[in-house]
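Chemist: My questions will all concern the structure given below.
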Amino acid sequence: MNICLIGDSLTSLALAKNLINKNIKVYVYCKKSKKSIFQSRTIGISKNNFDFFNKEIIKFRKDMFWKIKAIEIYSEKLKCEKILNFENNGEELFFIAKNREIYQLLDSDLKKNKLFKKILIKNNNFYKKILNEKKYELIINCDGNNKISNNFFYNKINKNYNSYAHTTIINHKYIKNDKAIQIFTKIGPVAFLPISNFKTSIVFSAINKKISFSEKEIKNLICQQNKNYEIKSFGKLEKFELNFSVTRKYYYKNLMNFGDSLHKIHPLSGQGFNMTLRDIKILSKIIKERVDLGLQIDHSVYKDFENKTKHLNFIFSSGNDFIYEFFKFDNNYKNNYLNQLVKFLGKNKLFNNIVSKYADEGLTI
Ligand SMILES: Cc1cc2nc3c(=O)[nH]c(=O)nc-3n(C[C@H](O)[C@H](O)[C@H](O)COP(=O)(O)OP(=O)(O)OC[C@H]3O[C@@H](n4cnc5c(N)ncnc54)[C@H](O)[C@@H]3O)c2cc1C
């Protein structure tokens with residue numbers, strides 16, 4: 001069986017490795033890759049997805065991830081009072097790893113595998129050719145910025161947050177560092193995501209402002225919000241444009257969209273790649289069941305995949321956007337009622353458990 005993946009993003013490599021583990025031949029078609037990107041970007045992977053990644057994609061090296069045992073949410077409006085707190089009796093809730101290191105782990109493993117082939121896209125005729133050829137059982141597009149996305153999956157719900165996420169890694173003095181912190185400030189959410197006892201990654205995104213912050217302003221803002229670390233130095237600062245998009249159609253004929261090209265969300269709850277991992281889990285199960293029954297793999301798996309994921313992905317993406325809008329809306333009001341309400345809900349054990357479960361496993365019915 002031959003499967004074609006378009007794009008060499010993290011999504012594409014993770015899916016490729018999962019398929020290869022099932023003895024499926026994978027051809028990844030990609031444009032010339034950019035060098036040294038994502039120096040400071042980290043990914044928080046939920047416990048459930050981390051277990052899936054290790055078992056059914058690739059095993060993380062021990063030095064590649066950092067365990068997070070508590071998540072605390074603060075509001076600047078409530079004089080930096082804690083409004084939510086998630087813990088599970090000292091168990092890990094999340095694992096933080098560097099984007100670049102996960103990518104390199106997958107890339108170097110796949111390069112050595114006989115079932116994997118990476119082919120460079122030389123010109124735009126490629127897209128027409130690949131659709132007309134009947135060489136592959138499935139063609140899965142993991143690149144949101146190519147002709148296929150623009151021509152076949154342009155029907156989307158789009159929203160531009162008019163904002164950038166700024167990321168960096170701070171080097172600091174030793175601290176027992178297993179608590180992730182998110183602060184909803186008047187300018188936007190700032191997250192402190194530990195990656196060792198000496199390093200913490202930062203994600204800051206301004207609410208609805210495309211004004212460009214100078215390096216000094218971003219560093220000042222981080223220092224202002226930082227209550228825990230004795231900062232020694234800052235790593236490279238990077239920025240990423242933020243959008244929300246959900247495609248209305250998951251597939252067209254023998255072609256399916258996948259990953260961030262299906263659902264792109266604000267990083268404030270660290271769920272973008274987690275959604276994709278849940279999609280890989282479901283697609284992988286559909287393919288496995290068919291192979292086990294001796295059935296043919298063809299594009300009818302797309303319909304099955306869409307039926308199982310589209311409604312849940314839509315609710316999940318919209319829920320994430322609701323959190324963003326909620327805190328943005330709250331910013332415009334002088335009273336503290338909404339923050340107090342969240343704080344009150346957070347003290348309820350059932351609410352706390354439900355939110356933790358959704359963040360870990362996504363929505364299930
Ligand atoms: C600031 C920020 C923080 C985020 N935090 C989280 C989080 O905590 N948890 C979570 O689940 N999701 C998070 N996300 C979302 C997550 O990063 C994406 O869902 C994930 O990266 C998959 O995206 P992708 O596969 O479409 O493309 P990406 O892997 O992001 O790649 C985009 C492009 O860059 C190229 N590329 C990527 N890496 C390399 C590399 N090392 N070398 C060469 N080329 C490369 C690829 O070819 C591709 O074309 C975050 C997003 C942002 C913007």
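The values are calculated or read from the model by the stated rules, or taken from the named source; none is laboratory data. Every value quoted in this text rests on a predicted model; they were computed, and no experiment measured them. Please note: Cβ atoms are built from the backbone with ideal geometry, for glycine as well, and neighbour counts cover all protein chains shown. The area values use the complete protein model at the heavy-atom level, side chains included, leaving out ligands, DNA and RNA. Shrake-Rupley method; radii C 1.70, N 1.55, O 1.52, S 1.80 Å.
Chemist: Given the chain, what percent of its DSSP beta bridges are antiparallel, to the nearest 5? Let's see the in-between values first.
Modeler: Details: 48 of 71 bridges.
So the antiparallel bridges in the chain amount to around 70 percent.
Chemist: When you have a sec, figure out the Kirkwood radius of the stretch 281-325 from all distinct Cα pair distances and drop it here in Å to one decimal? Don't skip to the answer; put the middle values down first.
Modeler: Working: mean 1/r = 0.0834 Å⁻¹.
So the Kirkwood estimate lands at 12.0 Å.
Chemist: Here's something else I'd like to know. Please work out the Cα convex hull volume for the stretch 18-101 and give it in Å³ per residue.
Modeler: Values: hull volume 13.1 nm³, N = 84.
Considering the Cα atoms of the stretch 18-101, their hull volume per residue is 156 Å³.
Chemist: Give me P(r) over the stretch 132-254, computed from all C-alpha to C-alpha distances, binned every 5 Å, as integer percentages.
Modeler: Each 5 Å bin holds this share of Cα pairs: 2, 9, 17, 16, 12, 10, 9, 9, 8, 5, 2, 1.
Chemist: If R0 is 22 Å, what FRET efficiency do you get for N89 and E289 from their C-beta distance, rounded to 0.05?
Modeler: Details: r = 35 Å, r/R0 = 1.61.
For N89 and E289, the calculated efficiency is 0.05.
Chemist: Separate question: What ³J(HN,Hα) values, in whole Hz, does the Karplus curve 6.51 cos²θ - 1.76 cosθ + 1.60 give for the stretch 248-261 when θ = phi - 60°, with x put for Gly and Pro?
Modeler: Once θ is set to phi - 60°, the couplings for the stretch 248-261 become 6, 10, 8, 9, 9, 6, 8, 10, 10, 8, 8, x, 4, 6 Hz.
Chemist: Using the 2.2 N^0.38 Å rule of thumb for compact globular proteins, work out how the stretch 128-180 stacks up: its C-alpha Rg over that value, please.
Modeler: Its radius of gyration relative to the 2.2 N^0.38 Å reference: 2.09.
Chemist: Additional query: Hey, can you find the accessible area per residue of the stretch 32-176 for me, probe 1.4 Å, expressed in square angstrom?
Modeler: Here the residues of the stretch 32-176 average 57 Å² of exposed surface.
Chemist: Further question: Please give the charge dipole size of the stretch 108-167, origin at the Cα centre, charges +1 on K and R Cβ atoms and -1 on D and E Cβ atoms. Round to the nearest 20 debye. Provide the component values of the computation, followed by the final result.
Modeler: Working: 13 positive and 4 negative charges, 58 e Å.
Computed about the Cα centre, the dipole is about 280 debye.
Chemist: For the chain, just list the percent of Cα-Cα distances falling in each 20 Å bin from zero outward, please.
Modeler: Using 20 Å bins, I get a P(r) of 28, 57, 15, 0 for the chain.
Chemist: Based on DSSP H assignment, which helices of the chain show an axial Cα extent of at least 20 Å together with a mean Kyte-Doolittle hydropathy greater than or equal to -1.0?
Modeler: 272-292, 300-331
Chemist: State the dimensionless ratio Rg/Rh of the stretch 53-106 (Rg: radius of gyration of Cα atoms; Rh: Kirkwood radius). It would help to have the intermediate numbers written out before the result.
Modeler: Values: Rg = 15.3 Å, Rh = 13.4 Å.
That ratio is 1.14, to two decimals.
Chemist: Next question. Using +1 at the C-beta of Lys and Arg and -1 at the C-beta of Asp and Glu, which of I37, L19, F126 has the Cα lying farthest in the positive direction of the dipole of the stretch 1-131?
Modeler: F126
Chemist: Same structure, new question: Based on DSSP loop calls and a cut-off of at most 16 other Cβ atoms within 10 Å, the longest stretch of the chain free of exposed GluC sites (Glu not before Pro) is what?
Modeler: It runs 231-365.
Chemist: For the stretch 221-269, report the % of Cα-Cα distances exceeding 14 Å. Display every interim value, and only then the final one.
Modeler: Numbers: 818 of 1176 pairs.
When every Cα pair of the stretch 221-269 is considered, 70 percent fall beyond 14 Å.
Chemist: Further question on the same structure: Of all the stretches in the chain, which is the longest one without any exposed loop site, taking chymotrypsin sites (Phe, Trp or Tyr not before Pro) in a DSSP loop (any state but H, G, I, E, B) with at most 14 other Cβ atoms within 10 Å?
Modeler: The longest such stretch corresponds to 175-332.
Chemist: Cα convex hull of the stretch 255-365: mean projected area in nm², to one decimal?
Modeler: 8.4 nm²
Chemist: Based on alpha-carbon atoms only, what is the radius of gyration of the stretch 90-137 relative to the globular estimate 2.2 N^0.38 Å?
Modeler: 1.83
Chemist: Would you please give the FRET efficiency between K147 and F326, computed as 1/(1 + (r/R0)^6) with r the Cβ-Cβ distance and R0 = 41 Å, to the nearest 0.05?
Modeler: Given R0 = 41 Å and the Cβ-Cβ separation, E is 0.65.
Chemist: Another one. Any chance you could run the full-extension gain for R100 through E306? It's 0.36 nm times the residue separation minus the Cα-Cα distance, nm to one decimal.
Modeler: In short, 71.2 nm is gained.
Chemist: Same structure again: Given the convex hull over the Cα atoms of the stretch 179-234, what projected area results after averaging over all orientations, in nm²? Present the calculation step by step, with values, prior to reporting the outcome.
Modeler: Numbers: hull surface 15.9 nm².
Over every viewing direction, the Cα hull of the stretch 179-234 projects on average to 4.0 nm².
Chemist: Quick one: if the Förster radius is 51 Å, what FRET efficiency do N353 and E133 give, using the C-beta to C-beta distance and rounding to 0.05? Write down the numbers at each step before the final one.
Modeler: Values: r = 50 Å, r/R0 = 0.98.
Between N353 and E133 the formula returns 0.55.
Chemist: Which one, N335, L293, N353, is farthest towards the positive end of the dipole of the stretch 210-365 when Lys and Arg carry +1 and Asp and Glu -1 on their Cβ?
Modeler: N335
Chemist: Can you give the Kirkwood hydrodynamic radius for the stretch 40-197, in Å, rounded to one decimal and based on Cα pairs?
Modeler: 19.6 Å
Chemist: Still on this model: Would you compute, from DSSP H runs of 4+ residues alone, the mean residue ellipticity of the chain at 222 nm, taking -39500 (n - 2.57) per run and dividing by the full residue count, rounded to the nearest 500? Show your work: numbers first, answer last.
Modeler: Numbers: 10 runs with 135 residues, N = 365.
Counting only the DSSP helices, I get -12000 deg cm²/dmol.
Chemist: I would also like to ask the following. At a 1.4 Å probe radius, carbon and sulfur cover how many percent of the accessible area of the stretch 41-83? Please report the intermediate quantities before stating the final value.
Modeler: Numbers: 1070 of 2110 Å².
Here it works out to 50 percent.
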